[in-house]
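Trainee: Sharing a structure, written as structure tokens. Questions coming.
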Amino acid sequence: MEFITTREQLRQQYKPAQEGALRKELRILDPHCRNFIAKSPFVLIGSSDGKGNADVTPKGDKPGFVAVLDEITLAIPDRPGNNRLDTLENILDNPAIGLLFLIPGMNETLRINGEARITLDATLRERLAVDGKAPQSVIVVKARAVYMHCAKAFMRSDLWAPEKWRPRAEMPTLGEILKDQLALAETAEQTDRWLDDAYRQSMW
């Protein structure tokens with residue numbers, strides 16, 4: 001198998017980018033972008049460490065959980081999780097970050113690339129609290145490139161078409177997966193019950 005190793009080889013395989021695809025990139029969060037973020041309950045965060053090891057993590061909450069602080073600045077609350085801190089540690093090593101905002105049922109997405117830092121600012125954490133529970137930290141992102149992404153990936157995948165979804169029963173539960181992967185002594189049912197209890201007790 002041969003691999004492409006230069007930009008010239010790569011560009012030979014594709015048509016030139018359309019003018020609109022280049023011109024749509026913004027440097028600020030305009031009213032449409034702000035409106036999208038205010039209605040989005042889910043964002044994917046791409047980051048990498050200082051050695052180039054990449055990671056993508058999901059963040060989800062009530063619509064509008066990501067706050068727009070000004071025309072180029074976003075604040076993403078970090079709720080309780082598994083404490084691996086992959087994204088947060090990556091940011092300490094390399095502030096470059098990529099965000100992909102989704103709205104269920106909408107095939108278009110909002111992409112933001114920028115630079116991130118982590119803060120424990122009490123006022124901001126209080127602003128992003130849910131039911132009186134402040135996030136453990138906040139990722140503050142300075143946007144450098146902002147643009148809407150077309151719908152083709154979602155249209156091809158039928159992601160929002162319930163009639164195309166595979167039955168959940170065709171896939172094992174997380175408890176079954178973890179039992180096999182980690183050789184757990186507990187049964188899959190016990191692990192699933194533990195996970196359900198943990199989800200209920202530590203959402204925020």
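The values are calculated or read from the model by the stated rules, or taken from the named source; none is laboratory data. Everything quoted here is computed from the prediction, not taken from an experiment. Backbone-built Cβ (ideal geometry, glycine too); neighbour counts: all protein chains shown. To get the accessible areas, we keep the full protein, side chains included, count just its heavy atoms, and leave off ligands, DNA and RNA. Shrake-Rupley method; radii C 1.70, N 1.55, O 1.52, S 1.80 Å.
Trainee: By the scheme Lys and Arg +1, Asp and Glu -1, what is the net charge of all other residues having a beta-carbon under 15 Å from that of V130? Write out the running numbers ahead of the final one.
Mentor: Values: positive: K59, K62, R79, R125, R127, K133, R200; negative: D61, D78, E126, D131.
Charge balance in the 15 Å sphere: +3.
Trainee: Now a separate question. Can you sort M203, M106 by solvent-accessible area, 1.4 Å probe, largest first?
Mentor: Per-residue accessible area, sorted high to low, gives M203, M106.
Trainee: Follow-up. Going by average Cβ neighbours within 10 Å, how do the peptides 181-191, 12-22 rank, with the highest at the top? Mind showing how you got there, number by number?
Mentor: Working: 181-191: 12.0, 12-22: 8.4.
Final packing ranking: 181-191, 12-22.
Trainee: Can you compute the helix-only [θ] at 222 nm over the chain? Use -39500 (n - 2.57) per DSSP H run of at least 4 residues, normalise by all residues, nearest 500 deg cm²/dmol.
Mentor: Helices in the chain give a 222 nm mean residue ellipticity of -8000 deg cm²/dmol.
Trainee: Let me ask something additional. Assuming a ≥ b ≥ c are the square roots of the Cα gyration tensor eigenvalues, decide whether segment 109-204 counts as rounded (a/c under 1.5), prolate (otherwise, with a/b larger than b/c) or oblate.
Mentor: On the way: a/c = 2.47, a/b = 1.23, b/c = 2.01.
Verdict is oblate for segment 109-204.
Trainee: Below 26 Å, Cα to Cα, which lysines can K59 reach? Residues fewer than 8 away in the same chain don't count.
Mentor: Partners within reach: K24, K39, K51, K133, K142, K152, K164, K179.
Trainee: Here is a further query. In the neighborhood of A54, defined by Cβ-to-Cβ distances under 14 Å, what is the net charge if each Lys or Arg adds +1 and each Asp or Glu adds -1?
Mentor: Local charge sum for A54: -4.
Trainee: Under the Karplus relation 6.51 cos²θ - 1.76 cosθ + 1.60, θ = phi - 60°, what is the ordered set of whole-Hz ³J(HN,Hα) values for segment 27-41, x standing for Gly and Pro?
Mentor: With the stated coefficients, segment 27-41 comes to 10, 9, 8, 6, x, 5, 5, 4, 5, 4, 4, 5, 9, 8, x Hz.
Trainee: Counting only protein heavy atoms, what percent of the accessible surface of the chain is carbon or sulfur at a 1.4 Å probe?
Mentor: 54 percent
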